[in-house]
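K.L.:
Just dropping this structure here.
The values are calculated or read from the model by the stated rules, or taken from the named source; none is laboratory data. Everything numeric here is computed off the predicted structure, so don't read it as measured data. Cβ coordinates were reconstructed from backbone atoms using ideal geometry, including for glycine residues, and neighbour counts include every protein chain displayed. Just the protein is used for accessible areas: all its heavy atoms, side chains included, with ligands, DNA and RNA removed. Shrake-Rupley method; radii C 1.70, N 1.55, O 1.52, S 1.80 Å.
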Amino acid sequence: MKATVKRLLCVCLLSLLNPQFAHSQYAKIETIAGSGKTGAVQKQGDATSIPLSNPFGIEPDSQGRLIIASFDQHVIYRLSADRKQIEWIGGAVSEGMSGKTGDAALAVAMNQPHEVRVDPQDNIYIADTRNNRVGLIDTNGKWKSVAGTGATGYSGDGGPAADATMNQAYSIAVDGPELFIADLMNHCIRKVDLNSGSIETICGTGKKGRPADGGVAKEQALEGPRSLAIDKQNLWIVLREGNSVWRIDRATSKIHHVAGSGQKGFAGDDAEAKLCKLNGPKGAAVQPGIALFIADTENHAIRMVDLKTNIITTIAGSPTGKPGFNGDGDQPTTRLLKRPHGVCWLPSGELIIGDSENHRVRVLTK
């Protein structure tokens, strides 16, 4: 009881000191895609009737449609702008490795695609994770190889990205002519110049370890980079094994600690984000200059760092880390999630969640 009162007092104080903090709280959660069950891939159908199997990455296109990576179905879906219909747009359904530039995206076999990003031209970039590659689906529904040969390894820096090898391309971020890749098992971040096609390592030494706060990114070890988010100033990095979140200042190329003490657990709400405990975080999204949203996956929760105060709070899922599904509705911190991976902030203020093992895509609204 005392802890609850203390938390409420902290929230009220923060609301008075920082109006944006209060504005950032979400009032309702709703399912917008997925029946809650797994099943065979369907070509198209009613958004909340179709089976999704572990939806991970989610990203909007310029028309307000949502692109969804179905990790265990090995396919990519597109949800209509009115959120009523969903269609299969990429992946050959069965797990595999195929596809060359110019092939129809629906004929390209993928292996557990984790992340999707969309550029201003509506090209859909895909982290085809277990195939150790990144490709894209263009606006004509054709596949293009972007980075990675498909072989497992670590090679190619300074040369063409399409000839490089990686070890699980787990997450990606795109900003203008730059593509960033979380090369998970190589414990590094790589950057592709989309104009020249060349690839380089910008963070990570290849060794597993905790980076030094304020150090030169390229000289620091990383602990399992699982997810990336980007804005004009920073590249945000979620370290799953490191139970922490970091950012690379794009102007200085130095890395800085943002959230998570490194200790595994669920603690620290309404206090300094760097001191909190996370448990296997696997997703991130940024509202530039305002908030960082973290899919605290093994805590079955979504947490938010106020970038003005560096205070962290739980905004969806049980504050005790309980997994499950108990319906949609108000009071999102009483609504259960189950191993959420994807999280996506929309300019409308909505926050989209890949509620992975509930096999649903859900939205938080104010």
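K.L.:
Looking at the range 55-76, which of its residues are among the polar types (S, T, N, Q) and surrounded by 22 or more Cβ atoms within 10 Å (Cβ to Cβ)? Steps first, please.
P.N.:
Taking the range 55-76 first, the residues among the polar types (S, T, N, Q) are 62-63, 70, 73.
Passing the criteria: S70, Q73.
K.L.:
Out of everything in the range 204-244 that is farther than 16 Å from G57 by Cα and of a type in the set (K, R), what residue ends up being nearest to the chain's Cα centre (by Cα)?
P.N.:
First, the residues of the range 204-244 that are farther than 16 Å from G57 by Cα: 204-224, 231-235, 239, 241-244.
This time we only want the ones that are of a type in the set (K, R), so: 207-208, 210, 218, 232.
Values: K207: 23, K208: 21, R210: 21, K218: 22, K232: 17 Å.
So the residue we want is K232.
K.L.:
Hey, another quick one. For the range 46-98, what are the residues that are among the aliphatic types (A, V, I, L, M), touching a residue at least 40 places away in the same chain (Cβ under 8 Å) and in a strand (DSSP E or B)? Steps first, please.
P.N.:
Within the range 46-98, the first condition is being among the aliphatic types (A, V, I, L, M), and the residues that meet it are 47, 50, 52, 58, 66-69, 75-76, 79, 81, 86, 89, 92-93, 97.
Applying the additional criterion that residues be touching a residue at least 40 places away in the same chain (Cβ under 8 Å) yields 52, 58, 66-69, 76, 79, 86, 89, 93, 97.
Hits for the range 46-98 are I58, L66, I67, I68, A69, I76, L79, I86, I89.
K.L.:
Take the residues in the range 255-273 that are outside any loop (DSSP other than H, G, I, E, B) and in contact with a helix residue (DSSP H, G or I) (Cβ under 6 Å, 6 or more places away or on another chain); name whichever of them is nearest to W345 (Cα to Cα). Can you show your working first?
P.N.:
Step one: of the range 255-273, the residues outside any loop (DSSP other than H, G, I, E, B) are 255-259, 264, 267, 271-273.
Narrowing the set further to residues that are in contact with a helix residue (DSSP H, G or I) (Cβ under 6 Å, 6 or more places away or on another chain) leaves 255, 257, 259.
Numbers: I255: 23, H257: 21, A259: 18 Å.
Here the residue is A259.
K.L.:
Quick one: S171 ticks every box in (1) touching a Leu at 6+ places or on another chain (Cβ under 6 Å); (2) open to solvent by 10 Å² or more (accessible area, probe 1.4 Å) bar one, so which box is it?
P.N.:
In the conditions (1) touching a Leu at 6+ places or on another chain (Cβ under 6 Å); (2) open to solvent by 10 Å² or more (accessible area, probe 1.4 Å), S171 misses (2) alone.
K.L.:
Of all residues in the range 240-258, which are of a type in the set (V, I, T) and open to solvent by less than 60 Å² (accessible area, probe 1.4 Å)?
P.N.:
Initial filter on the range 240-258 (of a type in the set (V, I, T)): 245, 248, 252, 255, 258.
Scanning the range 240-258 gives V245, I248, I255, V258.
K.L.:
Just one of I124, I172 is among the hydrophobic types (A, V, I, L, M, F, W, C), in contact with a helix residue (DSSP H, G or I) (Cβ under 9 Å, 6 or more places away or on another chain) and closer than 17 Å to P60 by Cα; which is it?
P.N.:
The unique qualifying residue is I124.
K.L.:
Could I ask something else about it? How many of the residues making up the range 288-319 are outside any strand (DSSP E or B), open to solvent by less than 30 Å² (accessible area, probe 1.4 Å) and without any contact (Cβ under 8 Å) to a residue 40 or more places away in the chain?
P.N.:
Taking the range 288-319 first, the residues outside any strand (DSSP E or B) are 288-290, 297-300, 307-310, 317-319.
Adding the requirement that they be open to solvent by less than 30 Å² (accessible area, probe 1.4 Å) leaves 297, 299-300, 317-318.
Right, trim to without any contact (Cβ under 8 Å) to a residue 40 or more places away in the chain and you get 299, 317-318.
Qualifying residue count for the region: 3.
K.L.:
Just checking, how many residues over the range 77-93 are open to solvent by 50 Å² or more (accessible area, probe 1.4 Å) and out of contact with any Phe, Trp or Tyr (no Cβ under 7 Å at 6 or more places or on another chain)?
P.N.:
Here is the first cut: in the range 77-93, the residues open to solvent by 50 Å² or more (accessible area, probe 1.4 Å) are 78, 81-85, 87-88, 93.
From what's left, out of contact with any Phe, Trp or Tyr (no Cβ under 7 Å at 6 or more places or on another chain): 78, 81-85, 93.
Total meeting the criteria: 7.
K.L.:
Same structure, new question: Got at least one residue in the range 82-97 being more than 19 Å from L194 (Cβ to Cβ), in contact with a strand residue (DSSP E or B) (Cβ under 6 Å, 6 or more places away or on another chain) and charged (D, E, K, R)?
P.N.:
Looking through the range 82-97, at least one residue is more than 19 Å from L194 (Cβ to Cβ), in contact with a strand residue (DSSP E or B) (Cβ under 6 Å, 6 or more places away or on another chain) and charged (D, E, K, R).
K.L.:
Which of the strands (runs of 3 or more DSSP E) contained wholly in the range 213-254 include at least 1 residues that are in contact (Cβ under 8 Å) with a residue 12 or more places away in the chain, among the basic types (K, R) and within 23 Å of A267 (Cα to Cα)? So that I can check it myself, show each step before the final result.
P.N.:
Values: elements: 225-230, 234-239, 244-249.
Ranges flagged: 225-230, 244-249.
K.L.:
Specify which of the listed residues (L346, L364) is under 26 Å from T38 (Cβ atoms) and either without any contact (Cβ under 8 Å) to a residue 60 or more places away in the chain or of a type outside the set (F, W, Y) (or both). Working first, answer last.
P.N.:
Values: L346 fails: under 26 Å from T38 (Cβ atoms).
Checking each option against the conditions leaves just L364.
K.L.:
Still on this model: Restricting to the range 326-343, name every residue that is farther than 24 Å from G268 by Cα, part of a loop (DSSP other than H, G, I, E, B) and either within 13 Å of the chain's Cα centre (by Cα) or in contact (Cβ under 8 Å) with a residue 60 or more places away in the chain (or both). Don't jump to the end; show me each part of the working.
P.N.:
First, the residues of the range 326-343 that are farther than 24 Å from G268 by Cα: 326-329.
Among the residues that remain, those that are also part of a loop (DSSP other than H, G, I, E, B) are: 326-328.
Result: D328, single match.
K.L.:
Another question, then. Under 7 Å between Cβ atoms, at least 6 apart or on separate chains: pull out the pairs that start in the range 20-42 with a residue that is closer than 25 Å to W345 by Cβ and end on any residue that is modelled with pLDDT under 95.
P.N.:
F21/L14; F21/S15; A22/S15; Y26/K366; A27/K366
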